[in-house]
Amino acid sequence: MGSLILNHPLGLIAMIAGYVLLVVEMCIPGFGVPGIAGTVLAILGLVVLQPTALQALIIVVVYVALLCVALAICMHSVSKGRLSKSRLVLNDVATHADAPENNDLSYFIGRTGTARSPLRPAGIADFDGVRLNVVSEGDFIEQGAAVRVDRVEGKRIVVSQMKAETV
């Protein structure tokens, strides 16, 4: 097995590059270019190595096991590590509103609050201590800006940024 890998350094390089790209894809949401390129490089590396069926099975099992270890590390980092403190992870959680019993959110129409996350256009806003998932009219609203509920469409709460009054 060792001579198989040493005799085909290009295959080894392709598999390592594929592994790195797949780990990058685990840390960045979405199935995009790194995930597709990593998968292609891993398969290409396996083809270049030209192993027997048993050797290919062993290589794939070890590769998948290493990817599982990397996924566990990424998940730990997202929940408690350095990645959890980055701007990629939204840590604020919306709470249920103390609206009337029939869940009629029109109770909030006209209320003012503060954007607790950037609204691009969706995000979280705080209205008298109640955090709600809200959406703007498509405009970007910065975190900490004053917002007002314009209308409620079912469970969708539409807000707009309040204009600063001139003195």
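The values are calculated or read from the model by the stated rules, or taken from the named source; none is laboratory data. Because the structure is predicted, anything quoted here is derived from the model rather than measured. Just the protein is used for accessible areas: all its heavy atoms, side chains included, with ligands, DNA and RNA removed. Shrake-Rupley method; radii C 1.70, N 1.55, O 1.52, S 1.80 Å.
General observations
- Residues whose amide H falls under 5 Å from that of residue 134, counting only those 5 or more places apart or on a different chain, are 123, 124, 125, with hydrogens built in the peptide plane.
- Using the Karplus relation 6.51 cos²θ - 1.76 cosθ + 1.60 with θ = phi - 60°, the per-residue 3J(HN,Hα) values for segment 150-159 come to 8, 7, 10, 10, x, 9, 8, 9, 9, 10 Hz, with x marking Gly and Pro.
- The 1.4 Å probe gives accessible areas that order 27, 68, 74, largest first, as 68, 27, 74.
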